[in-house]
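Each remark here refers to the structure printed beneath this line.
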């Protein structure tokens, strides 16, 4: 199998805290005036799915004319992920956690060790198209670009709504607006910028410098869900934008770590808890007290009648962390003129 032709700097292995990093050579000279990129792939026991993703990523960096590197951050896998990479993809940089730390910290490790200004995050079950890099990278010629989302397709090549996140606030809750792919292409042809509330953490391009200034994903959302939505919302509060680029495409097989290692009910509980966290952090005080909170009581009764245990447990867990949320909200809202979520959504819609 072909290896990456451009990306790694010097043959060595070294330890950084509890990280072990394997590095190999680059064999390609830098391309002038083309933005270099780092692809960061978090992995935990992904042996059954990892090879397809890595093969697609290698093909993509070979098609991209600029400098690039691929970094796999292994979160203390217990399977044969590491031998799979080292035996079949010797041009890929491997970062290993000695203990399992979760999605956010795995991404942080990869971004910390990346050498290029634009980072692309890919989950281990996401296969990029050969030419997906360049359409994403061109958005970073705009100084206020924080992140860009590709068109995300399911295994049947059907567009997923998470590609382009157009939100709305309904009775104190965030809802996603539907969109049509042909309409998106038509708007793009007319020169319309396709703003998005956030780019999915499983397949997003981002500016490393801004990610570091935002301190990355918040630990509040561990172990998963809503950390990407929160990250891009905090970027919007600083005037840093997220865009949707339908010319860039990836396929999400939905065979990743979460569904393999967590029961379905626990996933629902975590998702509901983290949605509460997100809204409590970013809605305006007025919207919280006069819309969101009153509707919580009505929704709780309705969900109980429907025997929706996940909603009740998610709300209880969120309330159990309320003091932490209030303290964090105070820090996030401290700069004067910080835009609340509903104003950001309105801006994106224009």
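The values are calculated or read from the model by the stated rules, or taken from the named source; none is laboratory data. This is a predicted model, so every value here is computed, not measured. Quick reminder, even Gly has a Cβ in these numbers, built from the backbone with ideal geometry, and neighbours come from all protein chains shown.
For residue 324, indicate whether it is in contact (Cβ under 8 Å) with a residue 60 or more places away in the chain, assigned to a helix (DSSP H, G or I) and in the same structural domain as residue 277 (by TED's automatic domain parsing). Yes.
In region 146-155 there is no residue matching the filter, namely being in a helix (DSSP H, G or I), more than 25 Å from residue 324 (Cβ to Cβ) and either over 19 Å from the mean Cα position of the chain (by Cα) or touching a residue at least 60 places away in the same chain (Cβ under 8 Å) (or both).
So, in region 77-119, exactly how many residues are closer than 19 Å to residue 208 by Cα, out of contact with any helix residue (DSSP H, G or I) (no Cβ under 7 Å at 6 or more places or on another chain) and not in a helix (DSSP H, G or I)? Count: 3. One residue alone among 287, 339 is crowded, with 17+ Cβ neighbours inside 10 Å, touching a residue at least 40 places away in the same chain (Cβ under 8 Å) and outside any helix (DSSP H, G or I), and that residue is 339. Return yes or no: is residue 175 farther than 23 Å from residue 33 by Cβ, in contact with a helix residue (DSSP H, G or I) (Cβ under 8 Å, 6 or more places away or on another chain) and part of a strand (DSSP E or B)? The answer is no for residue 175.
Quick check on region 303-319: of everything there that is surrounded by fewer than 16 Cβ atoms within 10 Å (Cβ to Cβ) and in contact with a helix residue (DSSP H, G or I) (Cβ under 9 Å, 6 or more places away or on another chain), which residue is modelled with the lowest pLDDT? It comes out as 304.
Filtered by the rule that a residue be at pLDDT 95 or above and surrounded by fewer than 21 Cβ atoms within 10 Å (Cβ to Cβ), region 146-157 gives a lone residue, 153.
Note on region 80-95: residues that are touching a strand residue (DSSP E or B) at 6+ places or on another chain (Cβ under 7 Å) and farther than 20 Å from residue 114 by Cα total 1.
Right, residue 124: surrounded by 15 or more Cβ atoms within 10 Å (Cβ to Cβ) and assigned to a loop (DSSP other than H, G, I, E, B) or not?
Taking the combined requirement at face value, the residue satisfies it.
I'd like to know if region 246-257 contains one or more residues that are surrounded by fewer than 18 Cβ atoms within 10 Å (Cβ to Cβ) and assigned to a strand (DSSP E or B). Yes, region 246-257 contains a residue that is surrounded by fewer than 18 Cβ atoms within 10 Å (Cβ to Cβ) and assigned to a strand (DSSP E or B). Residues in region 259-269: is at least one within 18 Å of the chain's Cα centre (by Cα) and surrounded by fewer than 20 Cβ atoms within 10 Å (Cβ to Cβ)? The answer is yes, given that some residue of region 259-269 is within 18 Å of the chain's Cα centre (by Cα) and surrounded by fewer than 20 Cβ atoms within 10 Å (Cβ to Cβ).
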